[in-house]
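To start, the structure under review is shown below, and the notes come after it.
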Protein chains: 2
Amino acid sequence: MTISVLRIGQRIVRDDRVTTHAALVARAFGASRIYMSDINPDIVRTVRDVCKTWGGSFEVEPTDSWRDILCDAKERGQTIVHLTMYGSRIGDVADEIAANDSVLIVIGAQKVPRDVYDIADYNVAVGSQPHSEIAALAVALDRIQHGRQFDSEFPDAARKIVPTEHGKQVL
Amino acid sequence: MTISVLRIGQRIVRDDRVTTHAALVARAFGASRIYMSDINPDIVRTVRDVCKTWGGSFEVEPTDSWRDILCDAKERGQTIVHLTMYGSRIGDVADEIAANDSVLIVIGAQKVPRDVYDIADYNVAVGSQPHSEIAALAVALDRIQHGRQFDSEFPDAARKIVPTEHGKQVL
């Protein structure tokens, strides 16, 4: 499955750390790219540095228009999954979503325009309580990949961790 | 299962939004409380407001000493689970952790003191790539509760969402 992420509505400076977390989660949980509008160039740099050190080919792609990204996704036949606390329960739809070849996951930093709800193939709630789009993204990616994202290799890494019970082992 | 969360190492202002996300994730994913040092009173207020509106009895408990919290947990027989990218794979230990009655999950905003690795009963990696303690907390809570946290009720809520395919339904 090929996965892209679109994050909309972030505010520069105020949301910078959360934006960085969202991008790193997308990468660590198997997405190939994240599209973002209004992105601080420092964040793009931070994420590229992580890729250099830890491997893989994840891309941060700045965009001026979330609508263009959604329309392109539709045209290419990608399944659009919008994460919102108002949507269908993740447990009810995860297996159906998992059956797709190509998915675009949409997360919002603030209130998301109504059009996104209408354009999305799935509006999905990772719990119906207010929490965090970072958490929603992580759990959604974990559920639709049945945890297999953690078996992926990140090629050309300068550093690699060997999981261990106590302490730290790094290659 | 009773779950508490301890977050250590956050920096006021710089980390405030991430700190708020961590607290809200703890609440939404079934923990009863989060302990935090160096916490901005605004965050405590924000989380209390969420509880008033959305129900339940989640508590933010300021602490001056993470070590005291860990020692108390040990004495009370709680299982201490430290989330770190260096730890054992979550898939290998989640079921074992799920068998405990009472768990304290420890997350760090920055580099965590070596003692935490030694005191913890489990050092657990939610993937061994750099990402986000918010994501790690959410996925760990989802895995050790087998997704059942989303079936919980939050008593005395002023607002409650009815999951729906398109649009918003709020009681």
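The table below gives the values:
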read-out	value
The range A:115-135: number of residues that are in contact with a Gly (Cβ under 8 Å, 6 or more places away or on another chain) and either more than 7 Å from every other protein chain (Cβ to nearest Cβ) or surrounded by fewer than 24 Cβ atoms within 10 Å (Cβ to Cβ) (or both)	6
Complete set of residues in the range B:1-27 that are touching a residue at least 60 places away in the same chain (Cβ under 8 Å) and within 25 Å of B:Ala157 (Cα to Cα)	B:Met1, B:Thr2, B:Ile3, B:Ser4, B:Val5, B:Val18, B:Thr19, B:His21, B:Ala22, B:Val25, B:Ala26
Pairs where the first residue, in the range B:142-171, is more than 17 Å from B:Ala31 (Cα to Cα) and the second is among the aliphatic types (A, V, I, L, M) and part of a loop (DSSP other than H, G, I, E, B), C-beta under 6 Å, 6+ apart	B:Lys160/B:Leu171; B:Gln169/B:Val162
Tally, over the range B:103-162, of residues that are among the acidic types (Asp, Glu) and either under 16 Å from the mean Cα position of the chain (by Cα) or over 20 Å from B:Gly56 (Cβ atoms) (or both)	5
Residue among A:Ile34, A:Ile107 that is outside any helix (DSSP H, G or I) and within 23 Å of B:Val170 (Cα to Cα)	A:Ile107
All positions within the range B:136-159 that are over 30 Å from A:Arg148 (Cα atoms) and at the interface with chain A (Cβ under 8 Å from one of its Cβ atoms)	B:Phe154
Matching residues, the range B:5-31, being over 20 Å from B:Ala140 (Cβ atoms) and part of a loop (DSSP other than H, G, I, E, B)	B:Arg11, B:Ile12, B:Val13, B:Arg14
Given (1) at pLDDT 95 or above; (2) on the phi > 0 side of the Ramachandran plot, index of the condition B:Asp38 fails	(1)
The range B:46-87: number of residues that are away from every other protein chain (no Cβ under 14 Å), at pLDDT below 95 and in a loop (DSSP other than H, G, I, E, B)	3
Residue in the range A:147-160 that is of a type outside the set (D, E, K, R) and either under 23 Å from B:Lys168 (Cα atoms) or assigned to a strand (DSSP E or B) (or both) present	no
Positions within the range A:66-80 being of a type outside the set (Lys, Arg) and out of contact with any Gly (no Cβ under 9 Å at 6 or more places or on another chain), in sequence order	A:Asp68, A:Ile69, A:Leu70, A:Cys71, A:Asp72, A:Ala73, A:Glu75, A:Gly77, A:Gln78, A:Thr79, A:Ile80
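Residues checked against (1) within 15 Å of the chain's Cα centre (by Cα); (2) surrounded by 21 or more Cβ atoms within 10 Å (Cβ to Cβ); (3) farther than 21 Å from A:Arg148 by Cα:
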position: A:Ile34; (1), (2), (3): yes, yes, no
position: A:Ser37; (1), (2), (3): yes, no, yes
position: A:Thr46; (1), (2), (3): no, no, yes
position: A:Thr53; (1), (2), (3): no, no, yes
position: A:Ser65; (1), (2), (3): no, no, yes
position: A:Leu83; (1), (2), (3): yes, yes, no
position: A:Asp92; (1), (2), (3): no, no, no
position: A:Asp95; (1), (2), (3): no, no, no
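The values are calculated or read from the model by the stated rules, or taken from the named source; none is laboratory data. Not measured: the values here are computed from a predicted model. Methodologically, a virtual Cβ is constructed for each residue, glycine included, from the backbone with ideal geometry; neighbour enumeration extends over all protein chains shown.
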